[in-house]
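For reference, the structure discussed in these notes is given below.
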């Protein structure tokens, strides 16, 4: 078995395109340009598991540290809204309408 190397600009490896797109959108919401990359065979057959189902989330090298911090916060649940925050969000939407 060969040793797999991951490029420095890969900040997350997702299982499938849906998960990768979600992380990409999260990073973009923090003004971090992000891209996804999947092995063409996995994309063609719609695979979401195994090495062919993996999708890399890639950012420019200058954003790697910031992107990894945001992803770590996501994994640790620090970006989730709590009930009281949901109410604040709904109130601000009502004011804008």
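Looking only at residues in segment 64-92 that are part of a loop (DSSP other than H, G, I, E, B) and at pLDDT 75 or above, the one that is surrounded by the fewest Cβ atoms within 10 Å (Cβ to Cβ) is 77.
Please determine whether any residue of segment 54-63 is at pLDDT 70 or above, over 18 Å from residue 6 (Cα atoms) and either surrounded by 10 or more Cβ atoms within 10 Å (Cβ to Cβ) or in contact with a strand residue (DSSP E or B) (Cβ under 8 Å, 6 or more places away or on another chain) (or both). No; the residues of segment 54-63 include none that is at pLDDT 70 or above, over 18 Å from residue 6 (Cα atoms) and either surrounded by 10 or more Cβ atoms within 10 Å (Cβ to Cβ) or in contact with a strand residue (DSSP E or B) (Cβ under 8 Å, 6 or more places away or on another chain) (or both).
The values are calculated or read from the model by the stated rules, or taken from the named source; none is laboratory data. Predicted model, so just to flag it, every value in this text is computed and none were measured. Glycine gets a Cβ as well: all are built from the backbone with ideal geometry, and neighbour counts include every protein chain shown.
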